[in-house]
1. Cβ-Cβ below 6 Å, separation at least six or inter-chain, first residue in the range 63-83 and more than 29 Å from ALA25 (Cα to Cα), second open to solvent by 20 Å² or more (accessible area, probe 1.4 Å): which pairs?
2. Could you list, in sequence order, the residues of the range 48-107 that are charged (D, E, K, R) and within 21 Å of GLY149 (Cα to Cα)?
3. Please verify whether LYS321 is under 25 Å from the mean Cα position of the chain (by Cα), open to solvent by 10 Å² or more (accessible area, probe 1.4 Å) and without any contact (Cβ under 8 Å) to a residue 40 or more places away in the chain, treating the condition exactly as stated.
4. Mind checking whether some residue in the range 288-298 is surrounded by fewer than 17 Cβ atoms within 10 Å (Cβ to Cβ) and in contact with an Asp or Glu (Cβ under 9 Å, 6 or more places away or on another chain)?
5. Before we move on, is ARG38 free of Cβ contacts under 8 Å to residues at least 24 places away in the same chain and of a type outside the set (Ser, Thr, Tyr)?
6. Taking the range 1-31 only, how many residues are open to solvent by less than 40 Å² (accessible area, probe 1.4 Å), at pLDDT 95 or above and either touching a Cys at 6+ places or on another chain (Cβ under 7 Å) or of a type in the set (Ser, Thr, Tyr) (or both)?
7. Test of understanding: among GLY68, GLY75, which residue is over 19 Å from the mean Cα position of the chain (by Cα), on the phi > 0 side of the Ramachandran plot and open to solvent by less than 20 Å² (accessible area, probe 1.4 Å)?
8. Out of curiosity, is ASP315 open to solvent by 10 Å² or more (accessible area, probe 1.4 Å), out of contact with any strand residue (DSSP E or B) (no Cβ under 6 Å at 6 or more places or on another chain), touching a residue at least 12 places away in the same chain (Cβ under 8 Å) and more than 21 Å from ALA97 (Cα to Cα)?
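The values are calculated or read from the model by the stated rules, or taken from the named source; none is laboratory data. Quick caveat: nothing in here was measured; it's all calculated off a predicted structure. Quick reminder, even Gly has a Cβ in these numbers, built from the backbone with ideal geometry, and neighbours come from all protein chains shown. Remember, those area values only see protein heavy atoms, side chains included, never the ligands or the DNA or RNA. Shrake-Rupley method; radii C 1.70, N 1.55, O 1.52, S 1.80 Å.
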Amino acid sequence: MRQSVGEFSPEVMDFAGRISNYEAAAEAIRQCIVARLRDDGLNHHDVRCRVKTPTSVQEKLDRRDDLGNPRYPGGPENLDDLVGVRVILFVETDIKAVAIALTNQFICHDDEDKTAVIRKNGGIGYAGRHLTLEVPVDNPPVGCEAYRGQRFEVQLRTVLQHAWAEFEHDIRFKGTHVDNAEISRAFTMASTLIELADQQFVNIADILKRMQSESAATESQELDANNVQLLLDRVFPAYPHSKAGQYRWLVEVFGANGFSTVAAVEQWFMDIDQRAMVSGLGYRFLPGQVRVVDDLLLKTLGEPYIEATKNVGNDFNREGKLRFRLRRFRTLQH
């Protein structure tokens, strides 16, 4: 039993002794999420992870409700946020797609849009969208096999929301704005401006996609990352952009399958009736443009596509993923 505030309980001492295991789990989960976002072609700024410090764990376990009972009974093992991951995105409209992708990969115990709740209640700030996930015991993602059953929290924020929240937390942690009307008013104004800026980023992305979809690349051009993106903006205007490096990767993929010009790729899209085929891919959300093309090539070319592209890029698990996806596509056809 603890003798005074500041000391650790035996349960927290035990957690502190095993913290390196949690740090390894956090990094494995982070890498798994990065791989999933890459596989789905979802653009993002950064993915970070952390493990709660023993001090933070003890403080949380010490919290009591109005009756004096522990708010979090059962010790550290019952806390869902010992491992935390933060996914930082560029535009707010990407948050939903990432949330769906992660809840498809992991077991979801809770999904709360805390920013929406704050706005609904007339408050200010960005708590983000929080997911409580668990590494599945059966068929865990590659790299997470040693951490089956590990629960963790994921926070989804835009770059601007992240900046606001970090600064607000820093000021609040220092305790310098308690009951300070001037600082509270400034935070309110900043929150409003950031919300407007986030919406303008969405508008800019939409305008850019419309402009690119209206512009026509020269069909005789050899493929490069820029004209591939322009082409996909015309063919798949509703799908989100992938990360810039993935368009360069797709040029290599096209080349490995004999496509060297914009005209050749456009003709292939027309030959396969890509709109009808995409509707049969079974997507639960809109993946990035590059993932859609990767799936279409896989579905139409089959095994030769796997052999041609299994070593393109630095994903050592690509061949296994492609074979799994091809089996799923064939199942959907029946």
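1. ASP65/ARG71
2. Of the residues in the range 48-107, the ones charged (D, E, K, R) are 48, 50, 52, 59-60, 62-66, 71, 77, 80-81, 86, 92, 94, 96.
If the condition is that a residue be charged (D, E, K, R) and within 21 Å of GLY149 (Cα to Cα), then ARG48, ARG50, LYS52, GLU77, ASP80, ASP81, ARG86 are the ones that fit.
3. Values: under 25 Å from the mean Cα position of the chain (by Cα): yes; open to solvent by 10 Å² or more (accessible area, probe 1.4 Å): yes; without any contact (Cβ under 8 Å) to a residue 40 or more places away in the chain: no.
No; evaluated as a whole, the condition is false for this residue.
4. Initially, the range 288-298 is screened for residues surrounded by fewer than 17 Cβ atoms within 10 Å (Cβ to Cβ), giving none.
The answer is no, given that none of the residues of the range 288-298 is surrounded by fewer than 17 Cβ atoms within 10 Å (Cβ to Cβ) and in contact with an Asp or Glu (Cβ under 9 Å, 6 or more places away or on another chain).
5. Details: free of Cβ contacts under 8 Å to residues at least 24 places away in the same chain: no; of a type outside the set (Ser, Thr, Tyr): yes.
Judged against the criteria, ARG38 is not a match.
6. 4
7. Details: GLY68 fails: open to solvent by less than 20 Å² (accessible area, probe 1.4 Å).
None of the other options fit; the residue is GLY75.
8. Working: open to solvent by 10 Å² or more (accessible area, probe 1.4 Å): yes; out of contact with any strand residue (DSSP E or B) (no Cβ under 6 Å at 6 or more places or on another chain): yes; touching a residue at least 12 places away in the same chain (Cβ under 8 Å): yes; more than 21 Å from ALA97 (Cα to Cα): yes.
Yes, satisfied.
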